[in-house]
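Worksheet: one structure, shown below.
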Amino acid sequence: NPMADGGNANGFDMAPETTLAVVNAAVAMIPTTIPPGPFAPTWDSLKENYQVPQWFVGAKFGLFMHWGLYSVPAHHNEWYEKHMYGADRQWHADHFGPQDKFGYKDFIPLFTQSNFNADAWAELFKKSGAKFVVPTAQHHENFAMWDSAVTPFNAMQMGPHRDLIGELCKAVRKQGLKFGVSNHGIENFQFINPPADMAEKMKAAQADLYDPKWANFYNVADRSDAACEKFLVNWFARNVELIDKYQPDMLWFDNGVDQRYLDPLKLRVAAYYYNRAKGWGKEVSISTKKAAYAPSNKNTETIGSIIDFEKIGGRSPSGIRTGAWQVDEPIGSTWGYTSDMRVNGAGSIISKLADTASKNGTLLLNLSPKADGTFPPEQQNTLLEIGRWLNLNGEAIYDTHNWIKFGEGGGRGNANIRFTVKGDVLYAIVVGNWPGAELAITSLGESAGKVETVTMLGCEGKLEFTQAAAGLKVKLPAAAPCKYACVLKITGLKMNPPTWTKSGNPQ
């Protein structure tokens, strides 16, 4: 489906497996009042008052980040906590000792971030050409990466003893970039499901998962309705704290918030956030997956949220989708840092960026920092090379929208081209190998209108071309101006107008 339409997946998708009654009871227990403003916690109010931020419409390239305790073992993936009490049980015991003696909580002191330098990170992000940055404030593991008054399990009181989110927020904004946070915390309630023998042993000894001191970190010992209510109230409190302390430009939720029975809670968060932002005079947005903020269960009818798709070619649109959307894509083979992860080169990421922009989307590229607070050289090199490409070719990405078709070619012997539009300029991004002396663009035959000039970004002077019924043929420069994805700038044609919408939904 080119739109990648689709509602909530079957199953609970990492949401707490609970009921609307429990959620309503939790909402009734929330002490926080919604700040004054136009937004009430209803779908109608969100629909009427929400607008996609203008900064997002033009940004096109952002950085996401899986930053958390799982980078200490750096094994398997960012779900290490789930695996160590399950499929990777033996691996963990061999490397760190038995789970009742060395539990997931024992990674906290090893998560030192000793070499973390927020300014150095922010400079790297700026050089990458990204316009906004969304680090994980909290992953499924329930560890808060900020200085929190609503959970003791946070980076200021434990581990690095630093307000990681606060430091990064300041540094990123100093570079002129927008700063958001992602919160996957709602997925913690039923994240760990230990095998029966392990659970019994720990329960008898009150060890690790069943240690009362860590009960609210693991959420394993008590999964009653009352415990779920308390958990949901605390989830709300953490969001409020992130909103008030860091004024995020984006609040990103993973698919744990997808289920309909969570709607009363999600609406409260949205009304709180959007009214706060009105008070700050800032344009902000929640971003969610599938139909989390689409009460009709169709993601083409999202309310008060920018839709995010996971992985290009996974669930993302295969064709043009107007409105506003983003796709999160890992820079390597895992989301969180693992010691044996493969990291993609700049060429493949630039291709994905061009493809996403041509379909009217925004690329949110995920990075994987290490437990010492550094990025491995491969990730840095990829980012710097993307930045050099954007320095030369960014006008074909930033502030653009889709044309009437996203691309052509890609078959044997055909150049693979992606189109973007700004004003009455058409950009043709030639992805992949340099096509040689001449480039044919079949979509630009005489019926498309009369081409007046063709230039290549990074090259002096106009290029010779001929236009006939069969298409446009352009004589290319002797040498490519850049290593990847050279861009033709074409004028003279009447282009389609911008395709963003106030709601972010397809037109």
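Return one number: the angle in degrees, 0 to 90 and rounded to the nearest 10, between the long axis of the Cα atoms of helix 346-358 and the longest principal axis of the Cα atoms of the chain.
Roughly 80 degrees between the two axes.
If you count only protein heavy atoms with a 1.4 Å probe, what accessible area per residue comes out for region 12-124, rounded to a whole Å²? Let's see the in-between values first.
Values: 4650 Å² over 113 residues.
Solvent-accessible surface per residue comes out at 41 Å².
For region 15-24, in order, what is each residue's ³J(HN,Hα) by Karplus, 6.51 cos²θ - 1.76 cosθ + 1.60 with θ = phi - 60°, in whole Hz (x at glycine and Pro)?
Using θ = phi - 60°, the values come out as 6, x, 7, 9, 10, 4, 4, 5, 5, 4 Hz.
Using a 1.4 Å probe on the protein chains only, how many percent of the accessible area of region 283-376 belongs to carbon and sulfur?
Summing carbon and sulfur atoms, their accessible area is 44 percent of the total for region 283-376.
Taking a ≥ b ≥ c as the square roots of the Cα gyration tensor eigenvalues, with a/c under 1.5 meaning rounded and otherwise prolate when a/b beats b/c, else oblate, which class fits region 280-333?
The shape class here is oblate.
Determine, for each peptide in 55-61, 107-113, the mean count of other beta carbons within 10 angstrom over its residues, then list the peptides with the highest first.
For the peptides 55-61, 107-113, the packing ranking is 55-61, 107-113.
Throw me the Rg/Rh for region 100-256, computed over C-alpha atoms with Kirkwood Rh, two decimals.
When Rh is taken as the Kirkwood radius, the ratio is 1.02.
Counting only C-alpha contacts under 8 Å and six or more residues apart, can you give the relative contact order of the chain as a whole percent?
20
Can you tell me which lysines have their Cα less than 26 Å from the Cα of K127? Leave out same-chain residues fewer than eight positions away.
K60, K170, K174, K178, K282, K311, K352, K359, K370, K422, K483, K489
How big is the Rg/Rh ratio for region 171-233, C-alpha atoms only, Rh by Kirkwood, two decimals?
1.22
So what's the angle, to the nearest 10 degrees on a 0 to 90 scale, between helix 118-127 and the longest Cα principal axis of the chain?
The angle comes out at about 20 degrees.
Taking a ≥ b ≥ c as the square roots of the eigenvalues of the Cα gyration tensor of region 1-141, is the shape rounded (a/c under 1.5), prolate (a/b larger than b/c) or oblate?
Since a/c reaches 1.5 but b/c is at least a/b, the shape of region 1-141 is classed as oblate.
Report, to the nearest whole %, how much of the accessible area of region 82-188 belongs to carbon and sulfur atoms, 1.4 Å probe, protein only. Don't skip to the answer; put the middle values down first.
Values: 1930 of 3730 Å².
Solvent-exposed carbon and sulfur of region 82-188 make up 52 percent of the total.
With every protein chain left in place, what is the accessible area per residue of region 170-255 in square angstrom, probe 1.4 Å?
38
With each run of n ≥ 4 DSSP H residues scored as -39500 (n - 2.57), what mean residue ellipticity at 222 nm is computed for the chain after dividing by its residue count and rounding to the nearest 500 deg cm²/dmol?
Calculated at 222 nm, the ellipticity per residue is -8500 deg cm²/dmol.
Expressed as an acute angle from 0 to 90° and rounded to the nearest 10, what is the orientation of the C-alpha long axis of helix 377-393 relative to the principal long axis of the chain?
Result, in degrees: 40.
Scattering from the C-alpha atoms of region 225-305 alone, worked out with Debye: what is log10 I(q)/I(0) at q = 0.17, 0.19, 0.27 1/Å?
Listed by q, the Debye log ratios stand at -0.68, -0.84, -1.37.
In debye, nearest 20, what is the charge dipole magnitude of region 79-188 about its Cα centre with +1 on Lys and Arg Cβ and -1 on Asp and Glu Cβ, if you could check?
560
Can you tell me, using C-alpha contacts under 8 Å and at least 6 residues apart, the relative contact order of region 173-317 as a whole percent?
After rounding, I find 21 percent.
Just the number, please: carbon plus sulfur as a percent of the accessible area of region 378-470, 1.4 Å probe, no ligands or DNA/RNA counted.
Heavy-atom surface of region 378-470 belonging to carbon and sulfur, 1.4 Å probe: 46 percent.
How much accessible area per residue does region 298-400 have, counting only protein heavy atoms and a probe of 1.4 Å, in square angstrom?
Working: 3050 Å² over 103 residues.
Value returned for region 298-400: 30 Å² of accessible area per residue.
Based on the Kirkwood radius over alpha-carbon pairs, what is the Stokes-Einstein translational diffusion coefficient of the chain at 4 °C with 1.567 mPa s viscosity, in µm²/s? Don't jump to the answer; show the numbers that get you there.
On the way: Rh = 24.0 Å.
D, rounded to a whole number, is 54 µm²/s.
Note down the Stokes-Einstein diffusion coefficient of region 387-506 in µm²/s, whole number, using a Kirkwood radius over alpha carbon pairs, 20 °C, and 1.002 mPa s. Write down the numbers at each step before the final one.
Working: Rh = 14.7 Å.
It diffuses with D of about 145 µm²/s by this estimate.
Treat every Asp and Glu Cβ in the chain as -1 and every Lys and Arg Cβ as +1, leave all other atoms uncharged, and give the resulting dipole magnitude about the Cα centre to the nearest 20 debye.
1340
The values are calculated or read from the model by the stated rules, or taken from the named source; none is laboratory data. This structure is a prediction, so every number in the text was calculated from the model and none was measured. For neighbour counting, all protein chains shown are included, and Cβ atoms are generated from backbone atoms with ideal geometry for every residue, glycine included. Remember, those area values only see protein heavy atoms, side chains included, never the ligands or the DNA or RNA. Shrake-Rupley method; radii C 1.70, N 1.55, O 1.52, S 1.80 Å.
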